[in-house]
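Colleague: Handing you a structure now.
Derivation of every value follows stated rules applied to the coordinates shown; laboratory data play no part. Note that the structure is a prediction, hence the values are computed from the model and not measured. Positions of Cβ are backbone-derived with ideal geometry, glycine not excepted, and every protein chain shown enters the neighbour counts.
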Amino acid sequence: MRPTIMEAKALSFWKLKFRLYLQQEGFMSLQVRYTIIDCFDPSSQAKFWCDVLDAKIVGIGESILIEYSSGILGKSQIYLNQASSAIEARGKILWLRPEVETLENEVSRLLDLGATLTAKRHYGWGLGEVDMADPEGNRFVVSSSEAEESQLDWLMETQERDAQIPFWADAEVRPHEGESRPATAVFIHDTRGS
């Protein structure tokens with residue numbers, strides 16, 4: 001027997017509430033155990049990433065090992081390896097999401113720590129992603145916080161999709177006409193599991 005539309009909506013609501021509860025309690029379906037970054041100056045990179053992630057150096061040898069908390073599941077690590085030659089086209093090494101701050105405040109903090117802003121993608125209603133690079137050019141992405149995304153339904157009712165928000169004035173990607181919701185919000189919610 002198929003559930004009614006109201007039952008399906010209620011089930012969907014409670015699934016989302018349960019996922020948010022698990023996330024708030026530090027549970028996640030996947031955890032980053034470690035990331036390896038090849039760099040020319042591991043010492044300065046270690047300082048940068050320790051400041052970004054509120055991490056600490058736990059080992060120095062051929063690589064510098066930093067460790068940071070990733071919720072109730074434990075610790076994650078970044079290995080900073082000495083690069084022996086020019087590093088070719090670097091892909092994005094991390095996708096980050098602010099836990100407390102807004103995307104705009106987090107980007108400002110990261111710029112103060114020495115990161116470089118390379119691109120902005122605005123998907124509408126103030127939500128989006130920002131491509132950044134660490135001091136050696138390793139690229140990473142910072143996306144809108146969950147708190148910002150949780151306001152999407154209210155924002156859709158009270159603002160135009162392409163509202164003039166100063167932070168997004170220089171975005172390379174602008175909201176697409178005809179789309180009802182920003183792609184990132186749909187993507188992020190769809191990948192959290194059922």
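Colleague: Using amide H atoms built in the peptide plane, which far-off residues or other-chain residues are under 5 Å from ASP38 H to H?
Modeller: Residues meeting the criterion, in which the H sits 1.01 Å from N, are ASN81.
Colleague: Would you please give the residues with an amide H less than 5 Å from that of GLU101, counting only those at least 5 places away or on a separate chain, with H modeled from the backbone geometry?
Modeller: Amide H to amide H, under 5 Å and 5 or more residues apart or across chains, GLU101 pairs with nothing.
Colleague: What is the calculated FRET efficiency for ASP162 to SER69, with r their C-beta to C-beta distance and R₀ = 41 Å, to the nearest 0.05?
Modeller: On the way: r = 38 Å, r/R0 = 0.92.
Calculated transfer efficiency: 0.65.
Colleague: Separate question: Amide H to amide H, which residues 5 or more places from LEU127 or on other chains are under 5 Å from it, using H placed in the peptide plane?
Modeller: Amide H neighbours of LEU127, under 5 Å, 5+ apart: none.
Colleague: Here's something else I'd like to know. So between SER108 and ILE60, what do we pick up on full extension, going 0.36 nm a residue minus the alpha carbon distance?
Modeller: This chain segment gains 14.3 nm when fully extended.
Colleague: Hey, another quick one. Determine, from the Cβ-Cβ distance of TYR34 and ALA169 and an R0 of 35 Å, the FRET efficiency 1/(1 + (r/R0)^6), rounded to the nearest 0.05. List each step's numbers first, then the result.
Modeller: Numbers: r = 37 Å, r/R0 = 1.07.
Here the calculated transfer efficiency is 0.40.
Colleague: Here is a follow-up. Evaluate E = 1/(1 + (r/R0)^6) for ASP51 and ASP153, where r is the Cβ-Cβ distance and R0 equals 30 Å; express this FRET efficiency to the nearest 0.05. Provide the component values of the computation, followed by the final result.
Modeller: On the way: r = 35 Å, r/R0 = 1.17.
E between ASP51 and ASP153, to the nearest 0.05, is 0.30.
Colleague: Related question: For labels at SER44 and ASN81 in the simple 7 Å Cα→Cβ model, what's the distance in nm?
Modeller: Once both label points are built, they end up 2.1 nm from each other.
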